[in-house]
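Trainee: One structure, as C-alpha cells, below. Some questions next.
None of the figures in this text is laboratory data; all of them are computed from the coordinates on show. Everything numeric here is computed off the predicted structure, so don't read it as measured data. Positions of Cβ are backbone-derived with ideal geometry, glycine not excepted, and every protein chain shown enters the neighbour counts.
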Amino acid sequence: MNREVLHIGVREKGATRVLRLTGELDSYTSDRLRSISETWIPGAKKVVVNLDKLDYVDSSGLAALVRMWVMAEELGVEIILACKSRRINQIFEITGLAGFFGVTGRKTAPQRRTVGAGRRAVAAEVVPSVDAARSKRLGAGGSGHTRNPTSRPA
C-alpha cells in the first residue's frame with residue numbers, strides 16, 4: 001500500500017512561490033509539506049498554496065497548514081490558500097480556518113483578518129493538540145491512520 005499519496009509541485013513567479021498540492025494531506029504526508037515549507041517560505045514575499053487538486057485533508061494536514069502560516073507570519077511572508085474544491089472548503093469552514101487563512105476560490109470572498117494575538121493563540125493551540133494526538137496514536141503501536149485509504153468521501 002502506498003502511504004505517500006501527496007504530490008507537491010513547486011514553482012516561482014518573481015517573489016511569489018506557488019505550492020500545488022495534489023492527493024491527500026494527512027498524518028502520513030504532512031511532514032513532507034512541513035519540510036518543503038521550511039525551504040520555500042523563507043525569502044519569499046508571498047506564498048500561494050493551491051489546494052484545487054487536494055482530495056483529502058485530516059487534522060494533521062490542517063495542522064501542517066497552520067504551521068506554514070505561523071512560519072510565514074514570523075518571517076513577514078503573506079500566505080494565501082487557493083481552493084476551488086467544495087469539499088475541502090467545507091473543511092475550512094467547519095473548522096473555522098477559512099477566515100484564519102483567507103481562502104480564495106470560495107463562493108464568498110475571503111475576509112482577511114488582521115494578524116494578531118488571537119490568531120497566534122489559535123495556532124498555538126491547534127498545532128500542539130494535533131501533534132499530541134498523533135504521537136499518542138503512533139506511540140500506541142498503531143499506524144495512526146484510521147481511515148480506510150481506499151474509501152473516498154462523497
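Trainee: Can you list which of the chymotrypsin sites (Phe, Trp or Tyr not before Pro) found in the range 1-89 are DSSP loop residues with at most 14 other C-beta atoms within 10 Å?
Mentor: Working: sites: Y28, W40, Y56, W69; in loops: Y28.
Here no chymotrypsin sites (Phe, Trp or Tyr not before Pro) fit, given the DSSP loop and packing criteria.
Trainee: Here's something else I'd like to know. Of L62, I41, A82, which is farthest along the charge dipole of the range 38-86 in the positive direction, counting Lys and Arg as +1 and Asp and Glu as -1 at C-beta?
Mentor: Farthest towards the positive pole: A82.
Trainee: Oh, and also: Filter the GluC sites (Glu not before Pro) in the range 1-70 to those in DSSP coil with at most 14 other Cβ atoms within 10 Å of their Cβ, and list the result. Walk me through the intermediate numbers first.
Mentor: On the way: sites: E4, E12, E24, E38; in loops: E4.
Listed in order of number, the matching sites are E4.
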